[in-house]
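> This is the structure, below, for whatever I ask next.
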There are 2 protein chains.
Amino acid sequence: MERSLAEADLVLVTGGLGPTSDDLTRDYAASLLGLEMVEDAETMERIRRRLAARGRQCGEGQRRQAMVPAGARVLPNERGTAPGLAFSGPGPLAGKRARLLCLLPGPPSELHPMFVDQVLPLVREIFVGEVLTQKAKEYHFAGIGEGELAAMVDALNLGTEGIDVGYCAHSMGTIELRLTGSERDLERAEAAIAPLLGEDFYSRETDSLERVVVGLLGERGETVAVAESCTGGAVCSRLTDIPGSSAVFGHGFITYANSAKIRMLEVAPGDLDAHGAVSEVVALAMAEGARAAGGATYGLALTGIAGPGGGTADKPVGTVWIAVSGGLGGPLARRHVFNTDRGSFKRFAATHALDLLRRRILSYI
Amino acid sequence: MERSLAEADLVLVTGGLGPTSDDLTRDYAASLLGLEMVEDAETMERIRRRLAARGRQCGEGQRRQAMVPAGARVLPNERGTAPGLAFSGPGPLAGKRARLLCLLPGPPSELHPMFVDQVLPLVREIFVGEVLTQKAKEYHFAGIGEGELAAMVDALNLGTEGIDVGYCAHSMGTIELRLTGSERDLERAEAAIAPLLGEDFYSRETDSLERVVVGLLGERGETVAVAESCTGGAVCSRLTDIPGSSAVFGHGFITYANSAKIRMLEVAPGDLDAHGAVSEVVALAMAEGARAAGGATYGLALTGIAGPGGGTADKPVGTVWIAVSGGLGGPLARRHVFNTDRGSFKRFAATHALDLLRRRILSYI
């Protein structure tokens, strides 16, 4: 913190604002800036109300969270007990290069809204006319490798036209392309990139495929029912992460056991015996079964081997069959092999399932 | 990187090893250390095989990933295309303070195993006798606030006995207590802390409640069926994150719609009308319905209002009823209010459900 205040114009610190004895950020900042700690009455009241709502008493640790360095601006925390703290101006930051120091809570669910709602306006206020004039455009893709996409984009040589090109392979298995530059340069880049925005491209606004799928279904007044074996609820959980998803999703069937596939989805026991649970036939039967049992426009199903055990020579760990039914085309299944750990397997399989549904809704397949 | 190599003994860099034009870590390290880039035949072969398994060709970007600075030790990546790179000894690090520099892939699923399996052994080899002799003990709690736990632990004054006390509120809503110190000091601390390890304490080994629950069920030869409304599959997905969970979990019912609660769980329409979907009566009926339909030892159910819409005066956004049935006691439901964003609501509710099941399995409730 000391070095950053001497070297940077804007210093953001996250974490260490909690109620426990190892939460040292507040006190350290106060000692570094030579400020006394004083109780902030409004914060104390806010913490008390928050704890009371959970039937909890205010302890020593919570009282510490209401102590703030004198002269700090308190950034109220709607999502937790620890307020953020901002220091600016020659008072607290005398002799430092930094013109703004913000201490922010570590938990992302508290940090993110505080940054957007309270820190960014402060930055704009203090760094008038110095804020980046560059803009960014983002494009999100599924079903294409980072390398493949990059080969196509790099061939456009946008870099020579003042555009900064960035790629990010998100942990869910989608790819983000990010172009940064002046508004005018970006407009030209947008035209150059347009031919690449085909069926693999799914959004300019969000990396969340589930948000796109829920939006597409909502616009059409359509619904989906989901049957999951190997992903064990990951697809349903992602769909229901989206506010308003109840309008397009009502039924999910987590059929981890074969008996559940038979009972809940009316998969034929003979098909399970003849082809195994991880097969095209069973995936298709699950999708059709989910659609029928859920009375939905579309059925979406996954069956696979998440590992680490359970693989065979012709069905290695990581194998998954994903099926979609309903819409204009007939029922359709695709096979993938995700040779990775169990958690990544579930994420990648769920992403490919949501992407298969997107392509079916849009009649690409 | 330049500053770190001058100031630190061990430098770890993550990310920027991918196949795209903005992945600059490899080339920057080579230029900083004055090393030429050469193709590593083994890495090239590994990447080619990996891509072929997915039916993909090797592009320009992937070929770049097989280029390594001369003299670097290649750390093979079992989970992705980008190998890690390690630099040590007076050759590549001449004139630097650093004795080991590691460039590691950014994706956690690739980074974590590489760090544990390949980097830690290198650190032990190069920093012989200088490695930390301190040990750590961790304790994981659920159903207790960080402040409450800290107040009890701080009263023991372990700090004065050479123990460093750390707390972490995990994003799932559990609390970790971490004690660090010499082996002898830790033994004394362990005795002091023992009386605090009551019903809220669930593990020394893992922060994963689902791992603990799957373990408890497995030891007893018992099973659970899960019915989820507001959490939309988050509980099922967490249970099935655990390898071997298929032995204790076979049926999940994602009953987001009321019609699904009636059809899949035989919840009485009259109860839905009289009490609403978010009620003790319906939560209990869902747990019993899941247990019966899934033929399981225990039924676990959640129904609530994830928000941001849908709240009322007596059932505000964040309200959730969690019920468990089966085992020694009768069916039982608890009400919570998690006043947070939708994502955190789902995580906290799922954690409290898993914790309720844990307490029932152990006959605490």
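The values are calculated or read from the model by the stated rules, or taken from the named source; none is laboratory data. The structure displayed is predicted, hence computed values, not measured ones. Cβ coordinates were reconstructed from backbone atoms using ideal geometry, including for glycine residues, and neighbour counts include every protein chain displayed. We work out accessible area using only protein heavy atoms, side chains counted, and drop any ligands, DNA or RNA first. Shrake-Rupley method; radii C 1.70, N 1.55, O 1.52, S 1.80 Å.
> Determine the residues within region A:29-65 where the difference in accessible area between the chain on its own and the full set of protein chains amounts to at least 40 Å²; count protein heavy atoms only and use a 1.4 Å probe.
When all protein chains are present, A:54, A:56 each give up 40 Å² or more of accessible surface.
> Ok, one more. Among A:135/A:346; A:96/B:96; A:137/B:315, which pairs are too far apart, with a Cα-Cα distance over 32 Å?
Numbers: A:135/A:346 35 Å; A:96/B:96 30 Å; A:137/B:315 41 Å.
With Cα atoms farther than 32 Å apart: A:135/A:346; A:137/B:315.
> Restricting to the protein assembly as shown, what percent of DSSP beta bridges are antiparallel, rounded to 5? Don't skip to the answer; put the middle values down first.
Values: 79 of 107 bridges.
Of those bridges, close to 75 percent are antiparallel.
> Would you mind checking the radius of gyration and Dmax of region B:64-148 based on alpha-carbon positions, in Å?
Both quantities, over Cα of region B:64-148: 17.4, 55 Å.
> Counting partner chain Cβ atoms within 10 Å of every residue's Cβ in A:235-244, what's the average? Each step should come with its number before you reach the end.
Values: counts 4, 10, 12, 4, 4, 12, 7, 2, 6, 3.
Mean shielding count: 6.
> Counting other Cβ atoms within 10 Å, which GluC sites (Glu not before Pro) in region A:196-266 have at most 12 and lie in a DSSP loop?
On the way: sites: A:199, A:205, A:210, A:219, A:222, A:228, A:266; in loops: A:199, A:205, A:222, A:266.
Listed in order of number, the matching sites are A:205.
> Over chain A, calculate the relative contact order: mean separation of alpha carbon pairs under 8 Å at least 6 apart, over the residue count, as a percent.
About 11 percent, as a whole number.
> Per residue, what accessible area does chain B have, given a 1.4 Å probe and all protein chains present, in Å²?
Values: 15680 Å² over 365 residues.
Result: 43 Å² of accessible area for each residue.
> Over the alpha carbons of the protein assembly as shown, what is the largest minus smallest coordinate on each principal axis, giving the biggest first in Å?
In descending order, the Cα extents are 71, 61, 54 Å.
> Right, something else. Taking each residue in B:139-149, count the Cβ atoms of any other chain within 10 Å of its Cβ, then average. What number comes out?
4
> What translational diffusion coefficient, to the nearest whole µm²/s, does chain A have by Stokes-Einstein, given a Kirkwood radius computed over alpha-carbon pairs, a temperature of 10 °C and 1.306 mPa s viscosity?
The Stokes-Einstein estimate is 66 µm²/s.
> Which value at 222 nm does chain A reach when only helices count, each DSSP H run of 4 or more adding -39,500 (n - 2.57), with the total divided by all residues and rounded to the nearest 500 deg cm²/dmol? Don't skip to the end; give the middle numbers.
On the way: 15 runs with 140 residues, N = 365.
Counting only the DSSP helices, I get -11000 deg cm²/dmol.
> Sorted from largest down, give the three principal axis spans of the alpha carbons of region A:1-110, whole angstrom values.
Dimensions of region A:1-110 along the principal axes of its Cα atoms: 45, 27, 22 Å.
> Using only alpha carbon pairs under 8 Å that are at least six residues apart, calculate the relative contact order of region A:1-114 and give it in whole percent.
About 35 percent, as a whole number.
> In degrees from 0 to 90, rounded to the nearest 10, what is the angle of the helix B:41-53 Cα long axis to the longest principal axis of chain B?
Between the helix axis and the principal axis of chain B, the angle is about 30 degrees.
> Here's a follow-up. What residue among B:115, B:201, B:253 shows peak mean-square fluctuation when chain B is described by a Gaussian network model with Cα springs under 10 Å?
B:115
> Here's something else I'd like to know. Which angle from 0 to 90°, rounded to the nearest 10, does the C-alpha axis of helix B:280-294 make with the longest principal axis of chain B?
For B:280-294 against chain B, the angle is about 70 degrees.
> If you fit an axis through the alpha-carbon atoms of helix A:342-361 and take the longest principal axis of the Cα set of chain A, what angle between them do you get, 0 to 90°, nearest 10?
So the inclination is approximately 70 degrees.
> Rounded to the nearest 20 debye, what is the charge dipole size of region A:137-198 about its Cα centre when +1 sits on each Lys and Arg Cβ and -1 on each Asp and Glu Cβ?
Numbers: 4 positive and 11 negative charges, 13 e Å.
That gives a dipole near 60 debye.
> By what distance, in whole Å, do the Cα atoms of region B:210-365 stretch along each of the three principal axes, largest value first?
44, 31, 25
> Moving to a separate point now. Equivalent-ellipsoid semi-axes (√(5λ), Cα gyration tensor) for region B:198-259, whole Å, largest first? Display every interim value, and only then the final one.
On the way: eigenvalues 105, 39, 20 Å².
Working through the eigenvalues yields semi-axes of 23, 14, 10 Å.
> Can you tell me the dipole magnitude for the protein assembly as shown around its Cα centre, using point charges on the Cβ only (Lys, Arg +1; Asp, Glu -1), in Debye to the nearest 20? All intermediate terms of the calculation are to be shown ahead of the outcome.
Working: 74 positive and 90 negative charges, 203 e Å.
Using Cβ point charges on Lys, Arg, Asp and Glu, the protein assembly as shown gives about 980 debye.
> Compute a Gaussian network model of chain B, connecting alpha carbons closer than 10 Å, and tell me which residue from B:332, B:217, B:103 fluctuates the most.
Taking springs between Cα atoms under 10 Å, the residue moving most is B:103.
> Equivalent ellipsoid semi-axes for region A:32-96, as square roots of 5 times the alpha carbon gyration tensor eigenvalues: give them largest first, rounded to whole Å. Numbers along the way, then the final one.
Numbers: eigenvalues 140, 25, 12 Å².
Gyration-tensor ellipsoid for region A:32-96: 26, 11, 8 Å.
> Let me ask something else. Comparing B:89, B:299, B:310, which has the greatest mean-square fluctuation in the GNM of chain B with Cα pairs linked when under 10 Å apart?
Of B:89, B:299, B:310, the Gaussian network model singles out B:89 as fluctuating most.
> With a 1.4 Å probe and all protein chains kept in place, how much accessible area does residue A:46 have, in Å² rounded to the nearest 10?
70 Å²
> Also, I was wondering about something else. Need one number: buried accessible surface between chains A and B, 1.4 Å probe, both sides summed, DNA, RNA and ligands left out, in Å² to 100. It would help to have the intermediate numbers written out before the result.
Details: alone 17770 and 17790 Å², together 31330 Å².
For A against B, buried area totals roughly 4200 Å².
> With N set to the residue count of region A:147-225, report its C-alpha Rg divided by 2.2 N^0.38 Å to two decimal places.
Numbers: Rg = 14.8 Å, N = 79, 2.2 N^0.38 = 11.6 Å.
Scaled against compact globular proteins, the figure is 1.28.
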